[in-house]
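One structure below.
Here, each number is a calculation from the coordinates, and none is a lab measurement. Being a predicted model, the structure only gives us computed values, none of them experimental. Counting neighbours? That spans all protein chains shown, and the Cβs are built from the backbone with ideal geometry, glycine included.
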Amino acid sequence: MALDTLERSTPPTFRQGLSITSKTLLLGLLAVLLMAADHRLQISQPIRSGVALVLAPLQWVSLQPVNAVNALARYFGNLEEAQDAALSFQTRTIAQAQRLQQVEQLSQENAHLRQLLDLRSQVAGPSKAVQVLYDTSDPYTQRVVVDRGLMAGIVPGSAVIDTTGVVGQVTRVYPLVSEVTLLTDRTQSIPVMNARTGSRHVANGDPQALSGSLDLKFVPAGADMQKGDLLTTSGIDGVYPAGLHVGRIARIDRRVDSSFARVHAEPMATERGRHLLVLQPVKDWPEPPKPEPIKAPKAKSQVPAMPPVGAKP
C-alpha cells in the first residue's frame, strides 16, 4: 500500500483528550485565577524572594565587566580632565609670571624715565628723550640704534647720556633713526677732567681692557692720579657740556721704562637702559639773552631860587 493512501486522522477506537481550544481556555482561566490570587494573597512572594536570593550572585558576576568598563572610562576621563586642568593652570601661571616680569620692567622703566626727566630739567641746553631699538650687528664696533632721527631734530655729534653719566655720541643720523657710538668703542674719544685735581686728559675707548673701558694715554708717570678718581667732561670741545660724569679710574699702570702711565677708567654708564637723553652740541646751543644795560636815573632839573624881595641882584 502506498504511503499517501494512509489516513492521518486518529483512529476512532482510541480515547481522545480535550481539544486544543479547550486546553487554551482552561490554562488561560487558571493563569487569571493565579494572578488574582497572587495579587490578593501574595502567594508567590516567598518564591520570588528565594529566586532573587539565588540569582543575586549571578547578577553581581554578570555586572562586573560592565562596572569595570565604566570604571576605566571614568578613570581615563578624570585623568584627561586632570591633565587639562594642570595644563591650564600651568599656562595661567606662566602668563601671570610674564605679567609680573612686565610689571617689574615697567616699574623700572618708569623710575628710569622719572630720573631722566629730573636730569632733563637740570641740563641747560636743549635735549630729546630717545629709546634704544637694538644693537648694531657689527661685532667690531659698539653702537646702538635709537628711535629718533633727522626728522626729530637729532644732529650728528650730539652727546648721549643717561641717569648715571655719558653713554656715547651720535655718529650717524638717518631720517627716522640714529646710530650712537658708545664711549668704549675704539674710535671714540672724549675730553675729561679729573674732578679731584682738575687735570685735563683725553679718554679713548678700549673695548678689550676690563671688558670695555676708557684709556687715558700720555698721562705723565708722576701725575697725581689715584684709583677711584671721578672723571667728568671738561666742556672744552664744544660737544659735551661740562660736569657730566664719564667714569672712574680703575687701574693705573706706571712703568719704569716709560715716562707715561697708562690709566684705565671704568665708564659710569655700564648698564644702559632703554631710554636715553640726547643733548644738542654745546656749540649749537642758543646764546643766552644779553642782559639789558642798566639805565642811569635822570638828573632832576634844578630851578634857580628866587631872590628875596627887596634884595639887590
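Those strands (runs of 3 or more DSSP E) of the range 154-243 in which 1 or more residues are free of Cβ contacts under 8 Å to residues at least 24 places away in the same chain occupy 166-173, 189-194, 200-206.
Scanning the range 144-190 for residues that are surrounded by fewer than 18 Cβ atoms within 10 Å (Cβ to Cβ), of a type outside the set (Val, Ile, Thr) and under 20 Å from Glu266 (Cβ atoms) returns Arg186, Ser189.
Restricting attention to the range 13-67, the residues that are part of a loop (DSSP other than H, G, I, E, B) and among the basic types (Lys, Arg) total 1.
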